[in-house]
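For reference, the structure discussed in these notes is given below.
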Amino acid sequence: MSQDWQQLNTDVIALLKEARQNVLQKMRNPLTVAEKTNRKDLVTNVDKANEQFLIAGIRRLDPTAQVLGEEGFGDHLTSLQGRVWIVDPIDGTMNFVKQQDNFAIMIGIYQDGVGQLGYIFDVMNNVLYHGGPQLGGVWANERPVSAPADIALADGLIGASGPLVIHDVAHMQKIVHDSAGMRISGSAGIEMINIMKGETLGYISHLKPWDIAAGQVLMNTLGVQVSTIDGQPLDMLSSNLVLVATKKAQRDILQIEEDDVSL
Ligand code: IPD
Ligand code: CA
Ligand code: CA
Ligand code: CA
């Protein structure tokens, strides 16, 4: 790994630790909560302040890079050329508001569209999952994370977003039926952590680039597959119906899509 990437990683970890402290500090006061597009799509003063804090830090570390942030304080991206940082200041805002738990701070760093480093910070458990090809592995704080077992759909639990199952989008009910069961966490970042811990074998959800940028890097580094529900690469400038799964479970799920069967 190059010296530059190693130094960048050290700096990003320091930035994220400071961001976590800021978030914990702000959680001592009442949150200001607003609806974005509907009553289930929230944003708080903490989402906004944390994105501004992170983007200011990223600009200092990497002044020529492009930055994409969910709350709009970054650049308007039209291309993935060069270095691109993708930031989700609070992933799982509904959990943040309702549970004060089960949310994450996430950063993905891409070079010419290829994931290089990923960071998912489980704030309340104080565990920072980080890694990527530039580090040659993934760590949970200082502990190396090993690749999850390559199990079939029938042999494990699958994470999903509720509406996909309710509306049976992309044969979700059949997929859940064929699995050992479904779990819903309310945060794409926490779902990635559940996969890294071997608690679930995959996750299916409609996601924006910031929901999956960090996770895609970490999953790929651990041999977990990330694609669209049709098995295609993600478009990191748009939203995707994302399938994250072990190799065997991905095969099982793509077969269900191909068979086009209903329960
Ligand atoms: C959301 C969460 C949620 C997923 C949504 C995302 P946000 O992110 O990751 O689990 O189902 O699609 O938008 O808005 O809380 O950062
Ligand atoms: Ca949001
Ligand atoms: Ca998110
Ligand atoms: Ca968010």
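Some observations on this one:
- Residue identified as more than 25 Å from residue 235 (Cβ to Cβ) and in contact with an Asp or Glu (Cβ under 8 Å, 6 or more places away or on another chain) among 154, 147, 170: 154
- Selected residue [modelled with pLDDT of 95 or more and within 30 Å of residue 7 (Cβ to Cβ)] from 98, 197, 174: 197
- Within region 96-126, tally of residues that are surrounded by fewer than 15 Cβ atoms within 10 Å (Cβ to Cβ) and over 18 Å from residue 65 (Cβ atoms): 6
- Among the candidates 37, 32, 44, residue that is within 15 Å of ligand 4 (Cβ to nearest atom) and closer than 14 Å to residue 100 by Cα: 44
- In region 75-95, residue farthest from ligand 1 (Cβ to nearest atom) [restricted to those that are exposed (fewer than 15 other Cβ atoms within 10 Å of the Cβ) and among the polar types (S, T, N, Q)]: 81
- Looking across 136, 115, 156, 131, one residue alone is among the small types (Gly, Ala, Ser), more than 27 Å from residue 14 (Cβ to Cβ), at pLDDT 95 or above and in contact with a helix residue (DSSP H, G or I) (Cβ under 9 Å, 6 or more places away or on another chain). It is 156.
- Residues that are among the hydroxyl-bearing types (Ser, Thr, Tyr), under 30 Å from residue 7 (Cβ atoms) and more than 16 Å from ligand 4 (Cβ to nearest atom) occur in region 124-134; there is at least one.
- Those helices (runs of 4 or more DSSP H) of region 147-205 in which 2 or more residues are surrounded by 19 or more Cβ atoms within 10 Å (Cβ to Cβ) and out of contact with any Lys or Arg (no Cβ under 7 Å at 6 or more places or on another chain) occupy 172-178, 188-196.
The values are calculated or read from the model by the stated rules, or taken from the named source; none is laboratory data. Treat the numbers as computed from the prediction; the structure is a model and nothing was measured. Ideal geometry is used to build each Cβ from the backbone, glycine not excepted, and the neighbour counts take in all protein chains shown.
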